[in-house]
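Below: the structure, in structure tokens.
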């Protein structure tokens with residue numbers, strides 16, 4: 001097949017895990033003989049991140065199309081607020097007309113504009129809901145730390161200092177969404193929430209992560225718990241730090257984000273909490289393999305976080321809040337290690353009783369192979385395309 005992926009970000013020019021999934025899938029399809037193109041926005045990356053990344057010489061067989069608008073960083077902002085911009089849409093239209101794709105698969109496109117969802121040919125038009133952008137102005141589907149249960153979008157965006165997206169009221173936005181032949185939801189939670197508002201065909205395929213290397217390097221740390229992720233309030237990292245300040249168990253933190261300096265200052269006097277900065281994928285897998293458990297105290301409705309799948313791929317148990325897709329991940333493997341969101345007393349109780357030996361690495365590895373391996377994903381992916 002000849003396939004186009006559209007995404008606001010693409011590694012190494014990326015933020016978050018959704019675009020990492022796009023990379024994994026693009027390269028997996030290339031390895032099976034398909035021709036895969038990716039369209040992403042360099043302007044969007046420069047809007048989110050400061051500093052220069054070097055352009056790769058080789059994209060591992062993926063044909064990459066990099067958007068660089070004359071408007072620069074203003075292009076993705078206008079795409080987000082107004083819904084579409086001429087440069088981005090024309091680039092997409094010309095690419096589709098030239099290449100004659102069999103499949104156009106959209107991912108996180110909030111900074112590319114909704115217009116590219118409209119079908120411009122006889123291709124299969126697909127969309128993966130990595131977040132709640134299709135049904136939520138803020139794309140995180142939460143109000144003051146709780147899952148949205150009533151749509152009061154105007155007052156919600158004002159309260160959270162986010163722009164209200166007036167284009168969502170028009171027929172063009174609704175028509176563009178109707179043009180999607182298939183929406184892939186990475187969790188049952190996501191599918192169920194989307195079904196409340198959309199009439200599209202929606203199917204669940206769990207994300208996948210590549211198999212880890214057989215021989216991971218050794219590290220000096222032992223008997224520790226691990227946090228990996230964005231250093232942002234919605235990840236619950238500050239509350240997690242306060243808990244470990246009290247219980248004196250060892251916590252290692254890997255990540256980056258707006259709370260980095262605050263975290264550095266807070267743990268200055270702590271001997272049991274260490275911030276390690278950001279690490280590459282091999283290093284993260286090594287820390288996961290040797291950890292007592294990975295901890296995800298998320299305070300928003302997580303969909304299908306890659307870090308949990310990576311932890312399972314090396315046999316690492318995970319302790320998590322009961323938000324969004326985390327609940328179904330925990331039920332597959334570690335249901336006894338789930339706690340109500342923000343309930344630090346329950347989390348502390350889990351930590352006190354935790355015995356690593358009770359959570360079989362073999363069971364975790366078996367679950368990974370059955371649900372979150374590349375082969376499991378591609379089998380369902382091909383079936384849905386057919």
Length-normalised contact order for region 2-204 - Cα pairs under 8 Å, 6+ apart - percent: 19 percent
Percent RCO, i.e. relative contact order, over the chain, from Cα pairs under 8 Å lying at least 6 residues apart: 13 percent
Residue of 94, 233, 215 that the Gaussian network model of the chain assigns the largest fluctuation, springs spanning Cα pairs under 10 Å: 215
DSSP beta bridge pairing in region 2-204, given as percent antiparallel to the nearest 5: 10 percent
Gain upon complete extension [residue 172, residue 342; 0.36 nm per residue less C-alpha separation]: 57.2 nm
C-alpha long axis of helix 86-99 to longest principal axis of the chain, angle in °: 80 degrees
Inter-centroid distance (Cα atoms) of region 201-219 relative to region 13-83, Å: 21 Å
Highest-fluctuation residue, 340, 217, 76 considered, GNM on the chain with Cα pairs under 10 Å: 217
Angstrom value of the Kirkwood radius, inverse mean 1/r, which spans all Cα pairs in region 225-371: 15.2 Å
Acute angle (nearest 10 degrees) that the helix 281-290 long axis makes with the longest principal axis of the chain, alpha-carbon atoms: 30 degrees
Relative packing of 63-69, 158-164, which averages over residues the other C-beta atoms within 10 Å, highest first: 63-69, 158-164
Protection-proxy order for peptides 77-86, 146-155, 309-318, each taking the mean of Cβ atoms within 10 Å per residue, highest first: 309-318, 77-86, 146-155
GNM result for the chain, Cα springs below 10 Å: residue of 57, 353, 218 fluctuating most strongly: 57
In degrees, nearest ten, helix 361-371 long axis to first principal axis of the chain (Cα): 10 degrees
Antiparallel bridges, percent of DSSP beta bridges restricted to the chain (to nearest 5): 5 percent
Beta bridges per DSSP with both ends in region 108-223, % antiparallel, nearest 5: 25 percent
Order by protection proxy (mean Cβ within 10 Å, highest first), peptides 202-210, 243-251: 202-210, 243-251
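Rule-based calculations on the coordinates, nothing more; no lab input. For clarity, every value in this text was computed on a predicted model and none was experimentally measured. Every residue, glycine as well, gets a Cβ built from its backbone with ideal geometry; the counts of neighbours run over all protein chains shown.
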